Every structure is written in structure tokens, then in C-alpha cells.
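I have placed the structure first, in the form of C-alpha cells, so that the comments after it can refer back to it.
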Amino acid sequence: MEVVQPFVTQLAEHFRIVVVLFNYSTPPGLVELLSSWEKEGIIERYSLTPDHRNTLRFHLFMRAEIRTLRQYKFDLWLTGSEMQVGERYILECVLPKHCVSVCMWHNITFLFMHNQDTARRLLSGGNIREYPQAREGFILNGDSYLQRFKRKINQGVSFSRILEYIFLSIKTYVLRIRKKIQAFYDRIVLPWLLAGKTFRLGPYDKMTQLGSGRSDAIIFFDELESKVHKALFRNVDIYTARYPAQGNCRCHEHLTEKKTVLSMLSGFVGRNWISEEALSLFYRDFKTIITFTNVENIHLRLHPDETGKWPEQLRDYLVNKGIEAILVDSKQPIRQIMCNYLGTAGFASASLRDARSSCDHAFVIGFVGISRKLFRDPKFVFANSEGIGWIEEDGGYDPDIFKRHNHVHPKRKTVPEILVALSNS
């Protein structure tokens, strides 16, 4: 809805389109949109899998789906990644040999989020060893729980703390075993029984959550991300495209009488509360923005997957501190609403990139302090951070980030242009 919808009609001018979506974070209105496209002839067919948490139903659906999909003899496959189980069904059980496979990763990448040392090493021209494939066994090697338990006794840790450690260790061990069993069932047992295939993780699947170089091409939207992944996937064509939301801006530079800032909530999804320190970091940085602009209120946009109560806690905290804060839903894509705001500011969420591409004039600001709760270096997460300003961990800032500028996007090919060229080649 946020990224792919803008270019589907353009693709329809060159391709017959079949859509398969995995039922995860499914937004309201999606099925209605797909049905309307099917009726209008923009797409030929669509399917939505059962909920991803129902493993057996999902696999049975995919077994039936691959029989239908094979009939299309696809020439081009566009996918978010190539390593999830549903994607492996399509890649290995549906696509003919001539089909061109293309991953499009619009989100901030796992290499820059959670493997920053590896990303820096690749940027500097260094090599990395292949990550080992996931084991199906359940024996934990190396520094065992028993060895750590003996160390704590030798260190004179209190009996109550030792009991607490034992309980947490057992809980962690059980969870790890359950996770391994689930992965074995999901990637080995069911695919083998239903399709004669196994979908073991490749060497870089866990590290990138994108793949291990099975596809022909990958599309990114940041030059630095492209450079790092090109160093990792040496036999894959890497492209840097124009972000799909670009061109949606409805602003004019002189129209700056906007009194509200949008903040996309992220980082703590599912929690019912966050610490006093986290609340104070949010308040400090929102207060800085209010001081430098004519903002009168903050719209706190709920994450699409939010189930916790912490957004209400944050709203109440800000209101008690004198900031007019309001919770708003996430039913509309950011590209449709961003021009209603003076700017956006908050946690280092991928939605900052959506906001920057959707509006050419709004300021886009990330909070380093609160984002350090999840990321070691929040600014590095965004690679080149095109058009994104930052309030630093200590509260420092460049005053220029609070001004509305006419952001000039780099000139790049669109996703449809790249896909058509790949198909023709």
C-alpha cells in the first residue's frame, strides 16, 4: 500500500500481473484494492495466504497455490526477499528457468541495522566469512549454562540471584529449542512432505533477512546500501532506484502555515510501558522542535502492528508536560498525508524514508537518543540518510534541520523502468 501500489498501473502497461501476498501486517482496504484491480483488468489474479502464524494451513495453501501459479510460466518475479518459506516455494517450485528474479528492498536494511561492523567492513573493501547455516540439532556448544552457573557460585553470587539465573537460563534454553523445532518443522519437514523440497537457510539469509544471492537482481533506494550488498552478493546485479513515493508532494514552498508535526511511533511495538528515561528523551527532543518551529501539537502515528499501551503512556506523559499530543491511526499511507504536516520527527523508523520521499518540503528528523534503545548507531542505519536531519544523543542539533527546504532527490530510474529493461534483456 505504501510502496508497491504507486507503480502497479505502470507495470500493467508492460506485463500481465499476478499478485501473491503473505498475510502479515495486512492493512485495512487491501483486499478491496486488489479486487478492484482485478475487475479493472490491471491485474489478472491475486491471492492472500492464510495467517502466517498458522504454519500447517500456510503450507497446505502454498502446495495448492504452486500448481495454479506454474500455469503462468512467469517471465519476471518481483519479491521483497528470497529467503522466507513462502518465497522459497515460489522460487523453487513455480518459476521456470527463463524467469528473471528481482528482489526489491525498500526498507532500512538488516546489515545497516543489526550488523553494522560487517557493513563497515564491506564498505572499506574487506571480506567476511560466510555465516554458518542453521543447525537442526539442539545441542548448545561452547560456554555452556553449567559452566556459567559454576562461575557465578565461585564469584559469591547470592542464592536468590542464582535461583533467578537458573530460572531464566531454563526459560531461554526452552525457547531456543522451541524455535529450532519450529524452524525444522517449517523449513524441512512440511516442504519435504508437501513439495519434495527443503528450504534450509543460506549463508547470508539470517544476517540480511533478504537472501544469499539466489536472485538475478536486487533493487535498493540508497547508494550506500547498494554498495554494501554488491560487495556481499558479487554475482547479483544491484540497482539503486527512485523511491516509489517520490512525486507525490502537493506542497508549495511558500505554504508553510502548518502547525502540526507527525511522529511515527516505532521501536517499542507490543509493549505496555516504557521507562522514564525513554519518555524523557522523547519529551526533550519534541520540546526542542517546538522551540525552533511554530508547532502547536504532535500527532503520534500508531505502528500498523501495535498491540501495546505504551503509545497512550507517551501521549499522557507529553500532555502532562504541556505538549499537545494526539494519537492517530495508520490507515492512510504516509505518501497521502505527509504534505498536511510541517514535518515529521521521532524514532529512527523506516517511515522516515517514506516521509522524505513523499514530501519535498517537510523537515524529516530522527531522534538519536531514543533510537539508541534499539540501534547502536541510528544514523548509520539509514546509510546515506538522504534528506534526514538528526537531534543527537546528547540533545545537540544543527538549527538548519528545523527549516523547510525544497529537497532535491537524486535522479534515478524508476522501479518499472528497471524491471522492463531486465525483462527485455
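The values are calculated or read from the model by the stated rules, or taken from the named source; none is laboratory data. Keep in mind that this is a model prediction, so the values were computed, not measured. Cβ placement follows ideal geometry from the backbone for every residue including glycine, while neighbour counts extend to all protein chains displayed.
Which of the residues belonging to the stretch 83-106 are crowded, with 20+ Cβ neighbours inside 10 Å and either without any contact (Cβ under 8 Å) to a residue 12 or more places away in the chain or farther than 20 Å from Leu194 by Cβ (or both)? Within the stretch 83-106, Glu87, Ser101, Val102, Cys103, Met104, Trp105, His106 meet the criteria. Taking residues in the stretch 272-295 that are farther than 9 Å from Ile370 by Cα, and partners anywhere that are of a type in the set (Phe, Trp, Tyr) and part of a helix (DSSP H, G or I), the pairs with Cβ atoms closer than 8 Å and at least 6 places apart or on different chains are Asn272/Trp310; Trp273/Trp310; Ile274/Trp310; Tyr283/Tyr317; Ile289/Phe402; Phe292/Phe402; Thr293/Phe402. Please tell me if Gln313 is surrounded by fewer than 24 Cβ atoms within 10 Å (Cβ to Cβ), over 18 Å from the mean Cα position of the chain (by Cα), under 25 Å from Val4 (Cβ atoms) and not β-branched (Val, Ile, Thr). In short, no.
In contact (Cβ under 8 Å) with a residue 40 or more places away in the chain, closer than 30 Å to Leu33 by Cβ and touching an Asp or Glu at 6+ places or on another chain (Cβ under 6 Å): is that true of Pro333 in this structure? Here the answer is yes, as Pro333 does meet what is asked. Of the residues making up the stretch 68-84, just one is out of contact with any strand residue (DSSP E or B) (no Cβ under 9 Å at 6 or more places or on another chain) and over 19 Å from Arg45 (Cα atoms), namely Met83.
Go through the stretch 11-40 and give me each residue that's outside any loop (DSSP other than H, G, I, E, B) and over 23 Å from the mean Cα position of the chain (by Cα). Passing the criteria: Leu11, Ala12, Val18, Glu32, Ser35, Ser36, Trp37, Glu38, Lys39, Glu40. Do we have any residue at all in the stretch 233-242 that's of a type outside the set (A, V, I, L, M, F, W, C) and within 20 Å of Pro333 (Cα to Cα)? Yes, the stretch 233-242 contains at least one residue that is of a type outside the set (A, V, I, L, M, F, W, C) and within 20 Å of Pro333 (Cα to Cα).
Residues are listed down the side, and each one gets a yes or a no for (1) at pLDDT below 95; (2) small (Gly, Ala, Ser):
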| residue | (1), (2) |
| --- | --- |
| Ala355 | no, yes |
| Ile365 | no, no |
| Ile370 | no, no |
| Trp390 | no, no |
| Arg404 | yes, no |
| Pro416 | no, no |
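If you check Val368 against the conditions, is it without any contact (Cβ under 8 Å) to a residue 40 or more places away in the chain, buried (at least 24 other Cβ atoms within 10 Å of the Cβ), hydrophobic (A, V, I, L, M, F, W, C) and more than 19 Å from Gln5 (Cβ to Cβ)? It is false that Val368 is without any contact (Cβ under 8 Å) to a residue 40 or more places away in the chain, buried (at least 24 other Cβ atoms within 10 Å of the Cβ), hydrophobic (A, V, I, L, M, F, W, C) and more than 19 Å from Gln5 (Cβ to Cβ).
Condition test on Lys197, is it within 27 Å of His303 (Cα to Cα) and not acidic (Asp, Glu)?
Details: within 27 Å of His303 (Cα to Cα): no; not acidic (Asp, Glu): yes.
No, not satisfied.
Residues that are β-branched (Val, Ile, Thr) and in the same structural domain as Arg271 (by TED's automatic domain parsing) number at least 2 in the following strands (runs of 3 or more DSSP E) confined to the stretch 312-403: 324-328, 363-367. Scanning the stretch 26-42 for residues that are surrounded by fewer than 14 Cβ atoms within 10 Å (Cβ to Cβ) and either outside the structural domain of Leu11 (by TED's automatic domain parsing) or among the polar types (S, T, N, Q) (or both) gives Ser35, Ser36.
Scanning the stretch 177-209 for residues that are over 15 Å from Gly86 (Cα atoms), touching a helix residue (DSSP H, G or I) at 6+ places or on another chain (Cβ under 8 Å) and of a type in the set (A, V, I, L, M, F, W, C) yields a single hit, Met207. Among the residues in the stretch 180-189, are any of a type outside the set (D, E, K, R), crowded, with 16+ Cβ neighbours inside 10 Å and touching a strand residue (DSSP E or B) at 6+ places or on another chain (Cβ under 7 Å)? Scanning the stretch 180-189, I find no residue that is of a type outside the set (D, E, K, R), crowded, with 16+ Cβ neighbours inside 10 Å and touching a strand residue (DSSP E or B) at 6+ places or on another chain (Cβ under 7 Å), so the answer is no. Apart from one condition, Ile238 fits all of (1) touching a strand residue (DSSP E or B) at 6+ places or on another chain (Cβ under 8 Å); (2) free of Cβ contacts under 8 Å to residues at least 24 places away in the same chain; (3) assigned to a helix (DSSP H, G or I); the exception is (3).
Within the stretch 21-41, does at least one residue satisfy the condition of being among the basic types (Lys, Arg) and more than 18 Å from Leu190 (Cβ to Cβ)? Yes, some residue in the stretch 21-41 is among the basic types (Lys, Arg) and more than 18 Å from Leu190 (Cβ to Cβ).
Restricting to the stretch 109-122, count the residues that are assigned to a loop (DSSP other than H, G, I, E, B) and modelled with pLDDT of 95 or more. So that I can check it myself, show each step before the final result.
Step one: list which residues in the stretch 109-122 are assigned to a loop (DSSP other than H, G, I, E, B), which gives 109, 115.
With modelled with pLDDT of 95 or more added as a condition, the list becomes 109.
Adding up the residues that qualify gives 1.
For the stretch 131-139, state whether one or more residues are under 26 Å from the mean Cα position of the chain (by Cα), closer than 23 Å to Arg234 by Cβ, at pLDDT 70 or above and not small (Gly, Ala, Ser). Taking every residue of the stretch 131-139 in turn, none turns out to be under 26 Å from the mean Cα position of the chain (by Cα), closer than 23 Å to Arg234 by Cβ, at pLDDT 70 or above and not small (Gly, Ala, Ser).
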